[in-house]
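Visitor: Submitted below is the structure of interest, expressed as structure tokens.
The values are calculated or read from the model by the stated rules, or taken from the named source; none is laboratory data. Fair warning: this is a prediction, and the values are worked out from it, not measured in the lab. Ideal geometry is used to build each Cβ from the backbone, glycine not excepted, and the neighbour counts take in all protein chains shown. Accessible surface is based on the protein model in full, side chains and every heavy atom, while ligands, DNA and RNA are left aside. Shrake-Rupley method; radii C 1.70, N 1.55, O 1.52, S 1.80 Å.
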Amino acid sequence: MRLGQRLLARIRGGAADPTAIDGAVTDLAADPDDPDALAALRLQIRRALAADPALVDEIAALLPVSGPAQSSGAGSVAVSGNVSGIVSTGDGAMNIQRP
């Protein structure tokens, strides 16, 4: 079983109403680009976690632990998390962002 499946199974098990989570997952699967479907699933997950504080620790234990980002060398860049912009190094770097 993959990590996402294990997380969902555990959250469903801790939910007061697993059918609400199932419906939200089904809606998001039908239209992954729908921000309302994503928000609905997020709300159901938040409710399940709020109802069972021990569930938060169980979910955290399932997630992989990552160390801090490291880099070495001139001009190297270390990123821990997401980068949503330009990363450039060097004296003559020119960044052009086109729409």
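Visitor: Return yes when Ser76 is without any contact (Cβ under 8 Å) to a residue 60 or more places away in the chain, within 30 Å of Pro99 (Cα to Cα) and surrounded by fewer than 10 Cβ atoms within 10 Å (Cβ to Cβ) and no when it is not.
Guide: Here the answer is yes, as Ser76 does meet what is asked.
Visitor: Okay, moving on. Counting only residues that are out of contact with any Pro (no Cβ under 9 Å at 6 or more places or on another chain) and farther than 30 Å from Val79 by Cα, how many does segment 41-68 have? Full working, then the answer.
Guide: Keep residues of segment 41-68 that are out of contact with any Pro (no Cβ under 9 Å at 6 or more places or on another chain), which gives 41-47, 49-68.
Still in the list and also farther than 30 Å from Val79 by Cα: 44, 47, 50-54.
Of the residues in segment 41-68, 7 are out of contact with any Pro (no Cβ under 9 Å at 6 or more places or on another chain) and farther than 30 Å from Val79 by Cα.
Visitor: Let me ask another. Contact list please: Cβ distance under 7 Å, first residue in segment 1-23 and open to solvent by 30 Å² or more (accessible area, probe 1.4 Å), second residue outside any helix (DSSP H, G or I), pairs at least six apart or on different chains.
Guide: none
Visitor: Tell me which residues, restricted to segment 62-73, are open to solvent by 70 Å² or more (accessible area, probe 1.4 Å) and over 15 Å from the mean Cα position of the chain (by Cα).
Guide: Pro68, Gln70, Ser72
Visitor: Now a separate question. Can you report the number of residues in segment 38-53 which are open to solvent by less than 60 Å² (accessible area, probe 1.4 Å) and either closer than 20 Å to Leu28 by Cβ or touching a residue at least 40 places away in the same chain (Cβ under 8 Å) (or both)? Walk me through it before giving the result.
Guide: Taking segment 38-53 as the starting set, the residues that turn out to be open to solvent by less than 60 Å² (accessible area, probe 1.4 Å) are 39-41, 44-45, 48-49, 52.
Subsequent filtering for residues that are either closer than 20 Å to Leu28 by Cβ or touching a residue at least 40 places away in the same chain (Cβ under 8 Å) (or both) retains 39-41, 44-45, 48-49.
Residues flagged as open to solvent by less than 60 Å² (accessible area, probe 1.4 Å) and either closer than 20 Å to Leu28 by Cβ or touching a residue at least 40 places away in the same chain (Cβ under 8 Å) (or both) within segment 38-53 amount to 7.
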